1. Could you tell me how many of the residues in region 80-127 are surrounded by fewer than 24 Cβ atoms within 10 Å (Cβ to Cβ), basic (Lys, Arg) and part of a helix (DSSP H, G or I)?
2. Has region 246-254 got any residue that is under 17 Å from ALA122 (Cα atoms), at pLDDT 95 or above and not β-branched (Val, Ile, Thr)?
3. Out of all the residues in region 227-266, which are in contact (Cβ under 8 Å) with a residue 24 or more places away in the chain, β-branched (Val, Ile, Thr) and open to solvent by 20 Å² or more (accessible area, probe 1.4 Å)?
4. Given (1) in contact (Cβ under 8 Å) with a residue 12 or more places away in the chain; (2) more than 20 Å from GLY30 (Cβ to Cβ); (3) open to solvent by less than 60 Å² (accessible area, probe 1.4 Å), identify the lone condition not met by VAL216.
5. For the subset of region 171-187 comprising residues that are assigned to a helix (DSSP H, G or I) and under 18 Å from the mean Cα position of the chain (by Cα), which member is surrounded by the most Cβ atoms within 10 Å (Cβ to Cβ)?
6. Anything in region 19-68 that is among the acidic types (Asp, Glu), at pLDDT below 95 and open to solvent by 60 Å² or more (accessible area, probe 1.4 Å)? List them, or say none.
7. Please indicate, with yes or no, whether at least one residue in region 149-170 is among the hydrophobic types (A, V, I, L, M, F, W, C), surrounded by fewer than 20 Cβ atoms within 10 Å (Cβ to Cβ) and in contact (Cβ under 8 Å) with a residue 60 or more places away in the chain.
8. Report the residue count in region 216-245 for those that are touching a Phe, Trp or Tyr at 6+ places or on another chain (Cβ under 8 Å), of a type in the set (A, V, I, L, M) and over 15 Å from ILE119 (Cβ atoms).
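The values are calculated or read from the model by the stated rules, or taken from the named source; none is laboratory data. What you are looking at is a predicted structure, and each value in this text was computed from that prediction instead of being measured. Ideal geometry is used to build each Cβ from the backbone, glycine not excepted, and the neighbour counts take in all protein chains shown. To get the accessible areas, we keep the full protein, side chains included, count just its heavy atoms, and leave off ligands, DNA and RNA. Shrake-Rupley method; radii C 1.70, N 1.55, O 1.52, S 1.80 Å.
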Amino acid sequence: MLKKILFAATALVALAGAAAAEEIKDFRIGILGGENEADRLRNFKCLQDKLPAVLGVDKVSLFPAADYDGVIQGLLGGTLDEAELGASGYAKIALANPDVVTPVLTTVQTDGSTGYYSIMVARKDSGIKTLKDLKGKKLGFADPDSTSGYLVPTVTLPDAIGAPIKDYFASTGFGGGHENLVLEVLKGTFDAGTTFGSGVGEFKDGYTSGNLRKMVEKGMLNMDDIVELWKSPLIPNGPIVVRNALPDEVKTKFVAFMKDLPKSDAACFSAIEGGDFKSFTDVTPDFYKTIVAARKAAIGG
């Protein structure tokens, strides 16, 4: 009798496990705001095409959010399964609910580093060449949930300018993502703005990766039209996160596929990352402890 009960219990557990695995029919990828939607969908099409067979799902759906918070809320609400975030975006999720997602991978720059920089730019013809020239002028940030476009400048700029941001600048505002922020600087809406780049390679090329490089490659920006006013301390590259509730098998297959992507499909790797990177590498929540603490102190959540 006991054997029958144990056998029945084992069978139920097996069926439950199979049912849990079958729940994932649609693998949902969130794509951060920051550049126009058509470009984002085109860049991620290769993942949409390849991942169904890899993960054993019926389809992969792409969700390009209007801003960073759209993806963050999708992950918190369980309507997205995976996304690549900035470190501050992950910090927002970790502070709200640390059990929702886990960072699994981050990018490695061409020089082997796992960081990048917040970079402040101005129009070259504005006559602004240094932070001192910006006193009393308008500063633009990219997005309130951006690490390089808001959090890190908020934390580190006061030391660089020797004053609180609100006292030093005439006004501050948001550009609606990194790409649009640079366009607003070029239009004169802001006298300067904060975006991001690898800091590796040549400034004239927009560096090896980051928003400036992507804009150069799309013909939206000539680096001769801007100057770099300030560069932050090194920032941890943002994580690829997966929803913790996903079946372990799906998570394992996804991570293995992504780690192999730079070799198996270099064009896809470059498209989704926006520039030249060496590879992906494993990360854990510990890699982002300093950013989580900085966000909690500066923004509160």
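1. Looking only at that region, the number is 1.
2. From region 246-254, those under 17 Å from ALA122 (Cα atoms) are none; that's our starting set.
No; the residues of region 246-254 include none that is under 17 Å from ALA122 (Cα atoms), at pLDDT 95 or above and not β-branched (Val, Ile, Thr).
3. Start the filter on region 227-266 by keeping residues that are in contact (Cβ under 8 Å) with a residue 24 or more places away in the chain, which leaves 227-247, 249-251, 253-255, 257-259, 265.
If we keep only those that are β-branched (Val, Ile, Thr) too, we end up with 227, 235, 240-242, 250, 255.
VAL227, VAL255 - these are the residues of region 227-266 that are in contact (Cβ under 8 Å) with a residue 24 or more places away in the chain, β-branched (Val, Ile, Thr) and open to solvent by 20 Å² or more (accessible area, probe 1.4 Å).
4. Result: VAL216 fails condition (1) only.
5. Going through region 171-187, the residues assigned to a helix (DSSP H, G or I) turn out to be 178-187.
Keeping just the survivors that are under 18 Å from the mean Cα position of the chain (by Cα) gives 178-182.
Details: HIS178: 29, GLU179: 23, ASN180: 21, LEU181: 27, VAL182: 25.
Ranking the candidates gives HIS178 first.
6. Within region 19-68, the first condition is being among the acidic types (Asp, Glu), and the residues that meet it are 22-23, 26, 35, 37, 39, 49, 58, 67.
Next, only the ones that are at pLDDT below 95 stay: 22-23, 35, 37, 39, 67.
Correct list: GLU22, GLU23, GLU37, ASP67.
7. Of all residues in region 149-170, those among the hydrophobic types (A, V, I, L, M, F, W, C) come to 151-152, 155, 157, 160-161, 163, 165, 169-170.
Now restrict to residues that are surrounded by fewer than 20 Cβ atoms within 10 Å (Cβ to Cβ): 155, 160-161, 163, 165, 170.
Those left that are additionally in contact (Cβ under 8 Å) with a residue 60 or more places away in the chain: 155, 160.
Yes, some residue in region 149-170 is among the hydrophobic types (A, V, I, L, M, F, W, C), surrounded by fewer than 20 Cβ atoms within 10 Å (Cβ to Cβ) and in contact (Cβ under 8 Å) with a residue 60 or more places away in the chain.
8. Result for region 216-245: 3.
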